[in-house]
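Comments concern the structure below.
The values are calculated or read from the model by the stated rules, or taken from the named source; none is laboratory data. This is a predicted model, so every value here is computed, not measured. Because the Cβ atoms are built from the backbone with ideal geometry, glycine has one as well, and the counts that use them run over all protein chains shown. Only protein heavy atoms, including side chains, enter the accessible area calculation; ligands, DNA and RNA are left aside. Shrake-Rupley method; radii C 1.70, N 1.55, O 1.52, S 1.80 Å.
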Amino acid sequence: MLFGALQQDPLQYFTDMTQQYGDVWGMRIGNFRSFFINHPDLIEDVLVNKARLYHKGRILQANKYLFGEGLLTAEGDFWLRQRRLAQPAFHRERIAAYAATMADYTEQMLAKWCGGEERDVHQEMMNLALRIVGKTLFDADVTHEAREVGETLDMLLKIASNFGRTVLLPLWVPTPQNLRAKAGVRRIEKIIYRIIAERRKSGQDTGDLLSTLLQVRDEDGTRMNDRQLRDETITLFLAGHETTASTLSWTWWLLAQNPAVEKRFHEELHCVLGGRAPTMDDLPKLTYLGLVLTESLRLYPPAWGMARLAEEEHEILGYPVRPGYGVAMAQWVVHRDARWFDAPLEFRPERWENGLAKRLPRFAYFPFGGGPRQCIGNTFALMEASVVLATIGQKFRLSVLPGQEVRPMASITMRPRNGIRVRLEAL
Ligand code: HEM
């Protein structure tokens, strides 16, 4: 097994291996056996039809020190209960109210931008998305912590996605990396506990997710303790900001590479909004923007791969899967498969016109996963990405500075390795 190749560039590794071995192949790290599946029907089987035979994969499980028993990592009845509790906070009507905050925070960022300036657009999107999650879900201003959270996260995600560490070197082994990871978690926890304490003290119902979580009671009347609140809060903070920020960064990058698409994108904003801040009601009218986002999530899915651990014995295409075996799949590979997408490496938002999504197998395109564990924040993320793109796109065009190598880095999520330096052109 080419363990080094997997560590170094998992995107390339999974692409090459799939090209060589097809829709199902096996791999082994130490004594951990795993299948990689690449056909949409097999993926549907694992995520939907046989979902109850699986738990989350080893990388997420090995990162419970960070996510605890939050929605992303919890299992079974406990997960189901938490999911039901959190779900109302993500309903369309509820998040529609967040559009104004999203536009407002974007405007605040733009107030600091000047035409002709150079900036790292990924850094900007990360700070913005963090502030938006903080405000909309927890009614907390994390402006001052944005930098610290960003840097800590950077480090944690690098460590979190290290296949070698998760399989061979569990967290209790006091390696320098593990010690750094623990210190990082403590820094993030401090911020989270501050937010929880402030809210308990004020006792206010601010109508956000944290209010809901603080109010709910079990059948026996007990409320969520600080540890549970910490787990859910950290999970939503982390799941909700990196992913959306990366979607935005990759979209700016793709727009800048494709002048015809970029032109149509700006023209639509001008026609539909005419300089106004976008609201939730405007989004269905911004049809081209919707296609741009769909296509961006195809080529650069921030959740680039997913994994499960088998709990019960069964088969995949006749191969025996035993308890403890892993099953992995990668949006990165499926979304670039020429069986489903013509000229798969080209950025063509137009391909989604005329109902392509309906003609594809269900799991040929799954940026938000699927089945019971599908992303709870997908509507939130798409709304946020649309509002931010529309607000910025009415005022600025972003051109990518020459002489930099923009490359994806695949950790738990996939983002631009060294950021993306752009020049701002005021419109
Ligand atoms: C473009 C942005 C996003 C992408 C691509 C994305 C992708 C995903 C994917 C693929 C999963 C499934 C993981 C699995 O089954 O193993 C997932 C789960 C999840 N996501 Fe997202 N996500 C995004 C934004 C968000 C946002 C904004 C939030 C919250 C504010 C969020 C919260 C969650 C949570 C809590 C889960 C776990 C759900 C569960 O298992 O019940 N995500 N996300």
### Query
For ARG415, which of the numbered conditions (1) in contact with a Phe, Trp or Tyr (Cβ under 9 Å, 6 or more places away or on another chain); (2) over 19 Å from LEU297 (Cβ atoms); (3) not polar (S, T, N, Q) fails to hold?
(2)
### Query
If TRP252 passes every condition in (1) of a type in the set (Phe, Trp, Tyr); (2) within 16 Å of the ligand (Cβ to nearest atom); (3) open to solvent by 30 Å² or more (accessible area, probe 1.4 Å) but one, which one does it miss?
(3)
### Task
Hand me the list of helices (runs of 4 or more DSSP H) wholly inside segment 257-366 holding 3 or more residues that are away from the ligand (no atom under 13 Å from the Cβ) and closer than 26 Å to ILE37 by Cβ.
356-359
### Message
Criterion first (in contact (Cβ under 8 Å) with a residue 40 or more places away in the chain, in contact with a Lys or Arg (Cβ under 8 Å, 6 or more places away or on another chain) and within 16 Å of the ligand (Cβ to nearest atom)) does GLY134 satisfy it?
### Response
no
### Query
Could we say that TYR54 is more than 9 Å from the ligand (Cβ to nearest atom) and farther than 30 Å from THR18 by Cα here?
no
### Task
Report, ordered by the first and then the second residue, all pairs with beta carbons closer than 9 Å, sequence separation of six or more or different chains, a first member in segment 137-149 that is open to solvent by less than 10 Å² (accessible area, probe 1.4 Å), and a second member that is modelled with pLDDT under 75.
VAL142/VAL149
### Task
Give the residue, chosen from ARG308, ARG322, that is surrounded by 23 or more Cβ atoms within 10 Å (Cβ to Cβ) and either touching a strand residue (DSSP E or B) at 6+ places or on another chain (Cβ under 7 Å) or over 22 Å from ARG92 (Cβ atoms) (or both).
ARG308
### Task
Pull up segment 71-89, narrow it to residues that are within 9 Å of the ligand (Cβ to nearest atom) and under 12 Å from LEU60 (Cα atoms), then point me to the one that is most open to solvent (accessible area, probe 1.4 Å).
LEU72
### Summary
Listed by range, helices (runs of 4 or more DSSP H) wholly within segment 26-75 having at least 2 residues that are touching a strand residue (DSSP E or B) at 6+ places or on another chain (Cβ under 7 Å) are 40-44, 58-62
### Message
Looking only at segment 377-424, count every residue that is within 16 Å of the ligand (Cβ to nearest atom) and either open to solvent by 30 Å² or more (accessible area, probe 1.4 Å) or under 25 Å from LEU156 (Cβ atoms) (or both) and tell me the total.
### Response
18
### Message
Going through MET125, MET109 one at a time, which residue ends up being within 13 Å of the ligand (Cβ to nearest atom) and in a helix (DSSP H, G or I)?
### Response
MET125
### Summary
Within segment 5-55, residues without any contact (Cβ under 8 Å) to a residue 12 or more places away in the chain and crowded, with 20+ Cβ neighbours inside 10 Å come out as TYR13
### Message
Let me confirm something: among THR247, THR279, THR287, which residue is touching a residue at least 12 places away in the same chain (Cβ under 8 Å) and open to solvent by less than 40 Å² (accessible area, probe 1.4 Å)?
### Response
THR247
### Message
Which numbered condition in (1) within 16 Å of the ligand (Cβ to nearest atom); (2) at pLDDT 90 or above is the only one that LEU236 fails?
### Response
(2)
### Task
Filter segment 275-321 for residues that are among the basic types (Lys, Arg) and modelled with pLDDT under 95 and give the result.
ARG276
